[in-house]
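Everything below concerns the one structure shown next.
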Amino acid sequence: NWLRMKALRDHWNEEVMLVKHEMQWSINFFKHRAKQWLGHMRDATSAGLTGHTCYAARQSHIYDQLVAHAEDSFRKM
């Protein structure tokens, strides 16, 4: 009985560690995508594609908002 409870506790400690890493991976992914869209925006700007520039800027902003929301939400945990 004691050994089963220790295994269960160890399992949940591992789950907590994995979830914390997954939360950081999510933030890193959102930051990466925001940078990618900024690169697309620069490319579109240099090509004179106004519509593409606006779209890329909006996408980058969305990912920046996701970063901020995820960091705020994960900080509360």
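The values are calculated or read from the model by the stated rules, or taken from the named source; none is laboratory data. None of the values given here were measured: they were computed from a predicted structure. Neighbour counts run over all protein chains shown; Cβ positions are idealised from the backbone, glycine included. Please note that ligands, DNA and RNA were not included when accessible areas were found on the heavy atoms of the full protein model with its side chains. Shrake-Rupley method; radii C 1.70, N 1.55, O 1.52, S 1.80 Å.
Within segment 51-77, residues that are under 20 Å from residue 26 (Cα atoms) and free of Cβ contacts under 8 Å to residues at least 40 places away in the same chain have Cβ atoms under 7 Å from residues that are basic (Lys, Arg) and in a helix (DSSP H, G or I) in these pairs: 63/33, counting only partners at least 6 apart in sequence or on another chain. Just one of the listed residues (77, 5) is open to solvent by 60 Å² or more (accessible area, probe 1.4 Å) and outside any helix (DSSP H, G or I), and it is 77. Residues in segment 35-74 that are assigned to a helix (DSSP H, G or I), over 22 Å from residue 20 (Cβ atoms) and of a type in the set (Gly, Ala, Ser): 39, 44, 46, 47, 51, 56, 57, 60.
Only one of the numbered conditions (1) free of Cβ contacts under 8 Å to residues at least 40 places away in the same chain; (2) within 20 Å of the chain's Cα centre (by Cα) is violated by residue 47, and that is (2).
Within segment 1-29, the set of residues being more than 19 Å from residue 77 (Cα to Cα) and of a type in the set (Phe, Trp, Tyr) comprises 2, 29.
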